[in-house]
Amino acid sequence: TTGRPWYAVGKLIDIQMEREIKTQLEAKAQRDSLTGVYNSATSHQLIRQVLAEEDRNGTGAMLIMDIDYFKQINDTYGHATGDQVLKIFAEFLKEQFRTTDIIGRVGGDEFMILMKNVRLDYSIHLHLQKLYTNLQNIDIPELNGRKLSCSIGCAVAPTDAESFSQLYRLADHALYTAKQNGRGRFVIYHDIKNQQETVLS
């Protein structure tokens, strides 16, 4: 009779271990294997969920960003250095944004971020300006003194659009504009729209 309770406890421990392993595997499946931020599929899913919440307060800012001239880094210094740059850049992004924001690598050197509950458009500008200032402090020895830069396109919900697909399209358009204007800068979509409306009026 004394063996039965021990058997039951052993089963409970086994079940708990199985749950922990399952949780770890699920978390790992959500992450980009190189950088540790969310992968593309999880980033899209989480951002869609946030945008669909009816009780969402404040403003949400979707950012799409590329590392400028990343192909040149790969071609000049090798893919191992390119991978190191991606890892360092991802860590930098985690330092620049809140733990409640969604940070993902959605392909190559492209990252997507949703800044949640940003209440003032002005604060988005300030945050991105600070990001560019801090980016200059990154030193990657393998790049022999070359500094990283990035281009960012931003669209704001609900000001610019509310759905994921619309925000993505507008943020991508803003990113294209940032690259066309010389890279190493951010562009917020409705700033473009306001400039166009001013010219037409």
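Some values worked out for this structure:
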{"read-out": "Among the residues listed as LYS130, LYS147, the single one being part of a loop (DSSP other than H, G, I, E, B) and open to solvent by 70 Å² or more (accessible area, probe 1.4 Å)", "value": "LYS147"}
{"read-out": "Identity of the residue in region 75-101, open to solvent by less than 70 Å² (accessible area, probe 1.4 Å) and of a type in the set (Asp, Glu), that ends up farthest from the chain's Cα centre (by Cα)", "value": "ASP83"}
{"read-out": "THR159 vs. criteria closer than 25 Å to GLU53 by Cα and more than 16 Å from the chain's Cα centre (by Cα)", "value": "yes"}
{"read-out": "Considering residues of region 57-75 that are outside any strand (DSSP E or B) and either at pLDDT 95 or above or touching a helix residue (DSSP H, G or I) at 6+ places or on another chain (Cβ under 7 Å) (or both) only, the residue nearest to SER165 (Cα to Cα)", "value": "ASP68"}
{"read-out": "Counted residues, region 84-115 - those being part of a helix (DSSP H, G or I) and either closer than 21 Å to GLN129 by Cβ or aliphatic (A, V, I, L, M) (or both)", "value": "11"}
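The values are calculated or read from the model by the stated rules, or taken from the named source; none is laboratory data. Just so it is clear, the model here is predicted, and its values are computed rather than measured. So basically every Cβ, Gly included, is an ideal-geometry build from the backbone, and we count neighbours across all protein chains shown. The accessibility values were calculated without ligands, DNA or RNA, using every heavy atom of the protein model including side chains. Shrake-Rupley method; radii C 1.70, N 1.55, O 1.52, S 1.80 Å.
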